[in-house]
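To start, the structure under review is shown below, and the notes come after it.
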Amino acid sequence: MELINALNWRYATKKMSGEKVAEEKVNQIIEAAYLAPTSSGLQPFEIIAISNEDLRKKIQPIAYGQTQIVDGSHLLVFASWNKYTDERIDSMFNHMNTERGLPLNTTDEYKTGLKAQLFALPEQQQAAHTAKQSYIAFGTAIAAAAMVKVDATPMEGFVNEQLDELLGLNEKGLKSQAILALGYRAAEGDWLQGMKKVRHPKEKFLTEIK
């Protein structure tokens, strides 16, 4: 299976070569994340794609000096909604119904029940829920990068508040969750390259109930 082969090929690249990734491939990776499933189709997050070198240099110290930030080609920042609002939910359902050629009130009953469920949560739990949705797309992007043979380093090692401020995410009601550095592995200087991929033994990882 192509996906399994691609996932065996990929690893969290520690040193990138500086070679640029073609925009076509970057767009394919973003498209895969765009098509990822989310709860009720709300897609409660955004992706900020950064190729600008000066901006990536500013992000590097926020990410504890990780070299992939500047030696890679692009950064994808996954930023989720800070909370659910009537406007955000209405906008998505209106868009959904319009695209499907349905009256805007088609989903009113479902939407009302969904709002009651989501708004009953404290804002901290709402933010946690949107963050989980962003991670579905994050994982999809990692797999997509492997499929097109682009190295991708997933990162949570950065100061979220500082990145949010730098990118103006607070003003948009967004919170950064994870970064995906895209590029190509360097021929030398990466201690992890060529190392055996190790996971839990299958019997520890998988429980089958038949």
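Every residue, every condition in (1) in contact (Cβ under 8 Å) with a residue 24 or more places away in the chain; (2) closer than 21 Å to ALA137 by Cα; (3) in a helix (DSSP H, G or I), yes or no:
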{"site": "VAL21", "(1), (2), (3)": "yes, yes, no"}
{"site": "GLN28", "(1), (2), (3)": "yes, yes, yes"}
{"site": "SER40", "(1), (2), (3)": "yes, yes, yes"}
{"site": "ASP54", "(1), (2), (3)": "no, no, yes"}
{"site": "LYS57", "(1), (2), (3)": "no, no, yes"}
{"site": "VAL77", "(1), (2), (3)": "yes, yes, no"}
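Could you please give the count of residues in the stretch 1-17 that are surrounded by 12 or more Cβ atoms within 10 Å (Cβ to Cβ) and not in a helix (DSSP H, G or I)? Qualifying residue count, the stretch 1-17: 8.
Which residues, counting only those in the stretch 156-202, are among the β-branched types (Val, Ile, Thr) and within 22 Å of TYR64 (Cβ to Cβ)?
Within the stretch 156-202, the subset among the β-branched types (Val, Ile, Thr) is 159, 179, 198.
Selection gives VAL159, ILE179.
The set of residues from the stretch 171-189 being more than 24 Å from the chain's Cα centre (by Cα) and either surrounded by 14 or more Cβ atoms within 10 Å (Cβ to Cβ) or among the small types (Gly, Ala, Ser) (or both) comprises ALA187, GLY189. The condition of being farther than 19 Å from PHE138 by Cα and assigned to a helix (DSSP H, G or I) holds for only one of GLY101, GLY113, that being GLY113.
Scanning the stretch 49-96 for residues that are in contact with a strand residue (DSSP E or B) (Cβ under 8 Å, 6 or more places away or on another chain) and under 22 Å from GLN126 (Cα atoms) yields a total of 7.
Every number here is computed from the coordinates shown, using simple stated rules; none is lab data. Note that the structure is a prediction, hence the values are computed from the model and not measured. We place every Cβ from the backbone using ideal geometry, glycine too, and count neighbours over all the protein chains shown.
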